[in-house]
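Heads up, the thing below is written out as C-alpha coordinates.
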Amino acid sequence: MAAPPNPSSADRSRRVFTVGTRSSKLALMQTDMVVAELKKVCPEYEFKIHSRETAGDRSMIALRDFTTKNLWTEELEELLIKGDVDIIVHSLKDVPTLLPAGCTLGPTLEREDSRDVLVMKQGSTASSLEELPAGSVVGTSSIRRTAQLARLYPRLKVMDVRGNIGTRLAKLDAEDGPYSCLILAAAGLLRLDLGDRITKYLDSKNGGMLYAVGQGALGIEIRKEDEALHLMLSKIGHNETTFAVLAERSLLRTLEGGCSAPLGVETEWVHTVEGLKKLRMRAIVVSVDGSEIAEVEVDGDVDSNETAERFGITVANALVAEGAGKILEAIERTKRASS
(Lines give C-alpha, C1' and ligand atoms only; values in the text may rest on other atoms or scores of the structure.)
Protein backbone atom coordinates (compact mmCIF):
# COMPACT_ATOMS: atom_id res chain seq x y z
CA MET A 1 0.00 0.00 0.00
CA ALA A 2 1.43 3.37 -0.99
CA ALA A 3 2.17 5.82 1.80
CA PRO A 4 -0.08 8.92 1.92
CA PRO A 5 1.46 11.90 0.09
CA ASN A 6 2.05 14.12 3.13
CA PRO A 7 4.91 15.11 5.45
CA SER A 8 4.11 12.33 7.90
CA SER A 9 5.39 9.77 5.39
CA ALA A 10 8.88 10.23 6.82
CA ASP A 11 7.58 9.46 10.30
CA ARG A 12 5.75 6.46 8.93
CA SER A 13 9.03 4.99 7.67
CA ARG A 14 10.45 5.46 11.19
CA ARG A 15 7.34 3.77 12.58
CA VAL A 16 6.40 6.90 14.52
CA PHE A 17 2.88 8.35 14.68
CA THR A 18 2.03 11.81 16.02
CA VAL A 19 -1.21 12.15 17.99
CA GLY A 20 -2.78 15.60 18.26
CA THR A 21 -4.98 16.75 21.13
CA ARG A 22 -6.04 19.74 23.16
CA SER A 23 -3.79 20.60 26.09
CA SER A 24 -6.32 20.26 28.92
CA LYS A 25 -5.77 17.64 31.61
CA LEU A 26 -8.82 15.68 30.46
CA ALA A 27 -7.84 15.80 26.77
CA LEU A 28 -4.33 14.56 27.54
CA MET A 29 -5.68 11.77 29.73
CA GLN A 30 -8.07 10.66 26.98
CA THR A 31 -5.24 10.71 24.46
CA ASP A 32 -3.11 8.59 26.76
CA MET A 33 -5.98 6.07 26.88
CA VAL A 34 -6.02 5.76 23.08
CA VAL A 35 -2.22 5.57 22.82
CA ALA A 36 -2.10 2.86 25.51
CA GLU A 37 -4.58 0.73 23.58
CA LEU A 38 -2.72 1.25 20.30
CA LYS A 39 0.56 0.23 21.93
CA LYS A 40 -1.04 -3.02 23.11
CA VAL A 41 -2.00 -4.09 19.58
CA CYS A 42 0.89 -2.38 17.74
CA PRO A 43 3.90 -2.52 20.08
CA GLU A 44 6.26 -2.10 17.14
CA TYR A 45 5.18 1.54 16.68
CA GLU A 46 5.99 4.69 18.64
CA PHE A 47 3.37 7.34 19.37
CA LYS A 48 4.25 10.97 20.08
CA ILE A 49 1.69 13.36 21.57
CA HIS A 50 1.37 16.94 20.28
CA SER A 51 -0.95 19.14 22.35
CA ARG A 52 -2.17 22.69 21.89
CA GLU A 53 -4.92 25.05 22.94
CA THR A 54 -7.79 25.62 20.51
CA ALA A 55 -10.10 28.57 19.93
CA GLY A 56 -12.64 27.08 22.34
CA ASP A 57 -10.01 26.94 25.08
CA ARG A 58 -8.91 30.54 24.60
CA SER A 59 -12.28 32.25 24.28
CA MET A 60 -14.48 33.20 27.23
CA ILE A 61 -17.57 33.75 25.07
CA ALA A 62 -20.56 31.65 26.16
CA LEU A 63 -20.69 28.48 24.09
CA ARG A 64 -24.24 29.20 22.94
CA ASP A 65 -23.05 32.50 21.41
CA PHE A 66 -20.49 30.96 19.06
CA THR A 67 -21.41 31.04 15.39
CA THR A 68 -18.88 28.38 14.40
CA LYS A 69 -19.27 24.71 15.27
CA ASN A 70 -15.63 23.65 15.11
CA LEU A 71 -14.04 25.85 17.76
CA TRP A 72 -12.55 22.81 19.53
CA THR A 73 -11.35 20.97 16.43
CA GLU A 74 -10.41 23.25 13.51
CA GLU A 75 -6.81 24.04 14.44
CA LEU A 76 -6.01 20.39 15.14
CA GLU A 77 -7.67 19.34 11.89
CA GLU A 78 -5.47 21.79 9.99
CA LEU A 79 -2.43 19.96 11.40
CA LEU A 80 -3.96 16.62 10.39
CA ILE A 81 -4.60 17.75 6.82
CA LYS A 82 -1.06 19.13 6.50
CA GLY A 83 0.37 15.88 7.83
CA ASP A 84 1.88 17.42 10.96
CA VAL A 85 -0.14 14.93 13.05
CA ASP A 86 -1.52 11.52 12.07
CA ILE A 87 -4.33 11.11 14.58
CA ILE A 88 -6.45 13.52 16.63
CA VAL A 89 -8.21 12.48 19.82
CA HIS A 90 -11.31 14.51 20.70
CA SER A 91 -14.20 14.30 23.09
CA LEU A 92 -16.68 13.18 20.45
CA LYS A 93 -19.45 15.50 21.63
CA ASP A 94 -17.21 18.44 20.60
CA VAL A 95 -16.77 17.20 17.03
CA PRO A 96 -19.09 18.71 14.37
CA THR A 97 -21.06 16.19 12.35
CA LEU A 98 -19.52 17.49 9.11
CA LEU A 99 -15.75 16.95 8.97
CA PRO A 100 -13.28 18.63 6.59
CA ALA A 101 -12.80 16.92 3.23
CA GLY A 102 -10.15 14.26 3.58
CA CYS A 103 -10.84 13.60 7.29
CA THR A 104 -12.85 10.81 8.87
CA LEU A 105 -13.56 9.25 12.23
CA GLY A 106 -12.11 5.83 12.89
CA PRO A 107 -13.53 3.14 15.18
CA THR A 108 -13.59 4.26 18.80
CA LEU A 109 -13.00 2.80 22.24
CA GLU A 110 -15.78 1.56 24.49
CA ARG A 111 -17.86 4.45 25.76
CA GLU A 112 -17.56 5.78 29.29
CA ASP A 113 -20.82 6.54 31.14
CA SER A 114 -22.66 8.85 28.74
CA ARG A 115 -25.08 10.45 31.20
CA ASP A 116 -25.23 13.97 32.56
CA VAL A 117 -24.78 14.29 36.30
CA LEU A 118 -25.79 16.69 39.02
CA VAL A 119 -22.96 18.11 41.14
CA MET A 120 -24.05 20.00 44.25
CA LYS A 121 -22.07 22.76 45.95
CA GLN A 122 -19.90 21.38 48.74
CA GLY A 123 -21.84 21.45 51.99
CA SER A 124 -25.25 21.43 50.30
CA THR A 125 -27.90 19.25 51.90
CA ALA A 126 -29.86 18.91 48.65
CA SER A 127 -29.41 15.72 46.64
CA SER A 128 -31.63 16.44 43.64
CA LEU A 129 -32.84 19.31 41.47
CA GLU A 130 -36.31 18.86 42.97
CA GLU A 131 -34.97 19.73 46.44
CA LEU A 132 -33.44 23.04 45.42
CA PRO A 133 -35.36 26.20 46.42
CA ALA A 134 -36.95 28.28 43.66
CA GLY A 135 -34.44 30.67 42.10
CA SER A 136 -31.44 28.44 42.80
CA VAL A 137 -28.73 28.81 40.15
CA VAL A 138 -27.74 25.85 37.98
CA GLY A 139 -24.44 26.27 36.15
CA THR A 140 -24.17 25.05 32.56
CA SER A 141 -22.99 26.41 29.20
CA SER A 142 -25.08 23.96 27.18
CA ILE A 143 -28.16 25.09 25.27
CA ARG A 144 -29.35 21.46 25.36
CA ARG A 145 -29.21 21.35 29.15
CA THR A 146 -30.66 24.86 29.45
CA ALA A 147 -33.68 23.89 27.33
CA GLN A 148 -34.32 20.66 29.20
CA LEU A 149 -33.96 22.43 32.57
CA ALA A 150 -36.44 25.10 31.44
CA ARG A 151 -38.90 22.37 30.55
CA LEU A 152 -38.47 20.22 33.67
CA TYR A 153 -37.47 22.75 36.36
CA PRO A 154 -38.77 26.19 35.29
CA ARG A 155 -38.46 27.53 38.87
CA LEU A 156 -34.66 27.22 38.73
CA LYS A 157 -32.31 29.77 37.18
CA VAL A 158 -29.60 28.82 34.69
CA MET A 159 -26.28 30.68 34.52
CA ASP A 160 -23.40 30.16 32.12
CA VAL A 161 -20.21 28.62 33.48
CA ARG A 162 -16.98 28.17 31.53
CA GLY A 163 -13.57 26.60 32.08
CA ASN A 164 -12.19 23.12 32.52
CA ILE A 165 -13.72 20.77 35.07
CA GLY A 166 -11.44 21.89 37.89
CA THR A 167 -12.23 25.55 37.20
CA ARG A 168 -15.96 24.88 37.13
CA LEU A 169 -15.87 22.98 40.41
CA ALA A 170 -13.91 25.81 42.03
CA LYS A 171 -16.52 28.32 40.82
CA LEU A 172 -19.27 26.09 42.21
CA ASP A 173 -17.67 25.70 45.64
CA ALA A 174 -16.65 29.33 46.10
CA GLU A 175 -18.41 30.67 49.21
CA ASP A 176 -19.47 33.84 47.42
CA GLY A 177 -20.24 32.03 44.15
CA PRO A 178 -23.75 32.16 42.69
CA TYR A 179 -24.09 28.49 41.80
CA SER A 180 -26.09 25.95 43.82
CA CYS A 181 -25.09 23.13 41.49
CA LEU A 182 -23.62 22.24 38.10
CA ILE A 183 -24.76 19.86 35.37
CA LEU A 184 -21.71 18.10 33.91
CA ALA A 185 -20.92 15.02 31.85
CA ALA A 186 -20.24 11.95 33.99
CA ALA A 187 -17.44 10.82 31.68
CA GLY A 188 -15.10 13.72 32.39
CA LEU A 189 -15.50 13.44 36.15
CA LEU A 190 -15.00 9.68 36.12
CA ARG A 191 -11.91 9.86 33.90
CA LEU A 192 -10.37 12.47 36.19
CA ASP A 193 -11.15 10.34 39.26
CA LEU A 194 -13.67 12.90 40.50
CA GLY A 195 -16.60 10.52 40.71
CA ASP A 196 -17.00 11.36 44.40
CA ARG A 197 -18.35 14.79 43.33
CA ILE A 198 -21.31 13.23 41.53
CA THR A 199 -24.49 13.83 43.52
CA LYS A 200 -26.89 12.14 41.12
CA TYR A 201 -26.86 10.58 37.65
CA LEU A 202 -29.44 12.09 35.30
CA ASP A 203 -31.21 10.18 32.53
CA SER A 204 -34.69 9.64 31.12
CA LYS A 205 -35.72 7.79 34.28
CA ASN A 206 -33.94 10.03 36.82
CA GLY A 207 -34.24 13.77 36.36
CA GLY A 208 -35.45 13.46 32.78
CA MET A 209 -32.24 14.72 31.14
CA LEU A 210 -30.99 13.26 27.85
CA TYR A 211 -27.33 13.70 26.97
CA ALA A 212 -25.38 15.21 24.08
CA VAL A 213 -24.70 13.34 20.85
CA GLY A 214 -21.45 11.40 21.27
CA GLN A 215 -21.13 12.18 24.99
CA GLY A 216 -18.85 9.79 26.85
CA ALA A 217 -17.18 8.58 23.65
CA LEU A 218 -13.84 9.53 22.12
CA GLY A 219 -13.62 10.81 18.56
CA ILE A 220 -10.49 9.48 16.88
CA GLU A 221 -9.97 11.43 13.67
CA ILE A 222 -7.60 10.41 10.87
CA ARG A 223 -7.07 11.16 7.18
CA LYS A 224 -9.51 9.27 4.95
CA GLU A 225 -6.80 7.70 2.82
CA ASP A 226 -4.86 6.42 5.81
CA GLU A 227 -5.86 2.76 5.56
CA ALA A 228 -3.04 1.63 7.85
CA LEU A 229 -4.29 3.73 10.75
CA HIS A 230 -7.89 2.72 10.12
CA LEU A 231 -6.83 -0.91 10.37
CA MET A 232 -4.93 -0.21 13.59
CA LEU A 233 -7.95 1.53 15.13
CA SER A 234 -10.23 -1.32 14.11
CA LYS A 235 -8.17 -3.55 16.41
CA ILE A 236 -9.03 -1.42 19.43
CA GLY A 237 -12.49 -0.26 18.36
CA HIS A 238 -15.67 -1.22 20.22
CA ASN A 239 -18.38 -1.98 17.67
CA GLU A 240 -21.40 -1.23 19.83
CA THR A 241 -20.01 2.17 20.82
CA THR A 242 -18.96 2.99 17.25
CA PHE A 243 -22.37 2.06 15.80
CA ALA A 244 -24.30 3.92 18.53
CA VAL A 245 -22.38 7.17 18.14
CA LEU A 246 -22.52 7.01 14.35
CA ALA A 247 -26.31 6.72 14.61
CA GLU A 248 -26.46 9.67 17.02
CA ARG A 249 -24.27 11.80 14.76
CA SER A 250 -26.35 10.85 11.72
CA LEU A 251 -29.46 12.00 13.59
CA LEU A 252 -27.89 15.36 14.43
CA ARG A 253 -26.48 15.82 10.93
CA THR A 254 -29.89 15.11 9.36
CA LEU A 255 -31.58 17.65 11.61
CA GLU A 256 -28.85 20.14 10.63
CA GLY A 257 -28.76 21.31 14.19
CA GLY A 258 -25.01 21.09 14.63
CA CYS A 259 -23.34 21.25 18.03
CA SER A 260 -25.56 24.04 19.39
CA ALA A 261 -28.96 22.42 18.82
CA PRO A 262 -30.95 21.55 21.96
CA LEU A 263 -30.97 17.89 20.96
CA GLY A 264 -30.73 15.25 23.64
CA VAL A 265 -30.26 11.54 23.01
CA GLU A 266 -30.09 8.31 24.94
CA THR A 267 -29.04 5.06 23.24
CA GLU A 268 -28.89 1.53 24.57
CA TRP A 269 -28.63 -1.97 23.19
CA VAL A 270 -31.69 -4.09 23.99
CA HIS A 271 -32.55 -7.77 23.47
CA THR A 272 -35.85 -8.67 21.81
CA VAL A 273 -37.99 -11.65 22.79
CA GLU A 274 -36.56 -13.37 19.71
CA GLY A 275 -33.06 -13.01 21.15
CA LEU A 276 -31.99 -10.33 18.65
CA LYS A 277 -30.06 -7.20 19.65
CA LYS A 278 -31.40 -3.82 18.60
CA LEU A 279 -30.26 -0.26 19.14
CA ARG A 280 -32.86 1.78 21.00
CA MET A 281 -32.63 5.53 20.67
CA ARG A 282 -34.56 8.11 22.61
CA ALA A 283 -34.26 11.63 21.25
CA ILE A 284 -35.67 14.97 22.25
CA VAL A 285 -35.63 18.51 20.86
CA VAL A 286 -36.79 21.28 23.20
CA SER A 287 -37.28 24.97 22.58
CA VAL A 288 -34.89 27.11 24.60
CA ASP A 289 -37.69 28.29 26.92
CA GLY A 290 -38.89 24.72 27.41
CA SER A 291 -42.38 25.41 26.08
CA GLU A 292 -42.24 23.16 23.01
CA ILE A 293 -40.98 19.61 22.74
CA ALA A 294 -40.60 16.83 20.19
CA GLU A 295 -39.53 13.41 21.45
CA VAL A 296 -39.39 9.87 20.08
CA GLU A 297 -38.16 6.41 20.99
CA VAL A 298 -37.20 4.11 18.12
CA ASP A 299 -35.63 0.63 17.91
CA GLY A 300 -33.49 -0.31 14.92
CA ASP A 301 -31.42 -3.14 13.48
CA VAL A 302 -27.87 -1.78 13.50
CA ASP A 303 -24.89 -3.98 12.73
CA SER A 304 -22.61 -1.81 10.56
CA ASN A 305 -21.58 1.78 9.96
CA GLU A 306 -24.03 1.97 7.07
CA THR A 307 -27.04 0.70 9.02
CA ALA A 308 -26.11 3.04 11.88
CA GLU A 309 -26.16 6.02 9.51
CA ARG A 310 -29.55 4.96 8.11
CA PHE A 311 -30.98 4.45 11.58
CA GLY A 312 -30.00 7.99 12.58
CA ILE A 313 -31.86 9.32 9.55
CA THR A 314 -34.93 7.27 10.52
CA VAL A 315 -34.93 8.74 14.02
CA ALA A 316 -34.46 12.26 12.63
CA ASN A 317 -37.45 11.84 10.35
CA ALA A 318 -39.52 10.61 13.28
CA LEU A 319 -38.51 13.68 15.30
CA VAL A 320 -39.41 16.02 12.44
CA ALA A 321 -42.82 14.34 12.23
CA GLU A 322 -43.25 15.20 15.92
CA GLY A 323 -42.46 18.88 15.30
CA ALA A 324 -38.67 19.09 15.78
CA GLY A 325 -38.15 20.95 12.52
CA LYS A 326 -40.37 23.85 13.58
CA ILE A 327 -38.58 24.17 16.92
CA LEU A 328 -35.13 24.22 15.28
CA GLU A 329 -36.26 26.73 12.64
CA ALA A 330 -37.52 29.08 15.35
CA ILE A 331 -34.22 28.81 17.22
CA GLU A 332 -32.27 29.54 14.04
CA ARG A 333 -34.44 32.60 13.28
CA THR A 334 -33.80 33.94 16.78
CA LYS A 335 -30.04 33.43 16.41
CA ARG A 336 -29.99 35.22 13.04
CA ALA A 337 -32.01 38.12 14.41
CA SER A 338 -29.63 38.59 17.35
CA SER A 339 -26.40 38.28 15.33
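The values are calculated or read from the model by the stated rules, or taken from the named source; none is laboratory data. All figures in this text were calculated on a predicted structure; none of them were measured in a lab. All Cβ positions, even for glycine, are placed from backbone atoms using ideal geometry, and neighbour counts span all protein chains on display.
Quick check on this structure: which one of VAL161, VAL85, VAL138 is over 15 Å from the mean Cα position of the chain (by Cα) and not in a loop (DSSP other than H, G, I, E, B)? Before you say what the answer is, go through the steps one by one.
Working: VAL161 fails: not in a loop (DSSP other than H, G, I, E, B); VAL85 fails: not in a loop (DSSP other than H, G, I, E, B).
It is VAL138.
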From GLU240, GLU225, GLU274, GLU292, which residue is under 16 Å from SER304 (Cα atoms), surrounded by fewer than 19 Cβ atoms within 10 Å (Cβ to Cβ) and among the acidic types (Asp, Glu)? GLU240
Quick check on segment 1-45: of everything there that is at pLDDT 85 or above and among the small types (Gly, Ala, Ser), which residue is surrounded by the fewest Cβ atoms within 10 Å (Cβ to Cβ)? ALA36
Is it true that ARG155 is over 20 Å from the mean Cα position of the chain (by Cα) and free of Cβ contacts under 8 Å to residues at least 40 places away in the same chain? yes
Mind checking whether some residue in segment 132-139 is of a type in the set (Ser, Thr, Tyr), more than 30 Å from MET33 (Cα to Cα) and buried (at least 19 other Cβ atoms within 10 Å of the Cβ)? yes
Apart from one, (1) within 30 Å of ASN239 (Cα to Cα); (2) modelled with pLDDT under 90; (3) within 20 Å of the chain's Cα centre (by Cα) all hold for LEU328; the odd one out is (1)
List the residue pairs whose Cβ atoms are under 8 Å apart, where the first residue sits in segment 21-36 and is free of Cβ contacts under 8 Å to residues at least 24 places away in the same chain, the second is of a type in the set (S, T, N, Q) and surrounded by fewer than 19 Cβ atoms within 10 Å (Cβ to Cβ), and the two are 6 or more positions apart or on different chains. LEU28/SER51
Just one of (1) under 17 Å from ALA150 (Cβ atoms); (2) in contact with a Ser or Thr (Cβ under 7 Å, 6 or more places away or on another chain) trips up GLY312, so point out which. (1)
Looking at PHE311 and the list (1) touching a Gly at 6+ places or on another chain (Cβ under 7 Å); (2) outside any strand (DSSP E or B); (3) under 21 Å from ASP94 (Cα atoms), which single condition is not satisfied? (3)
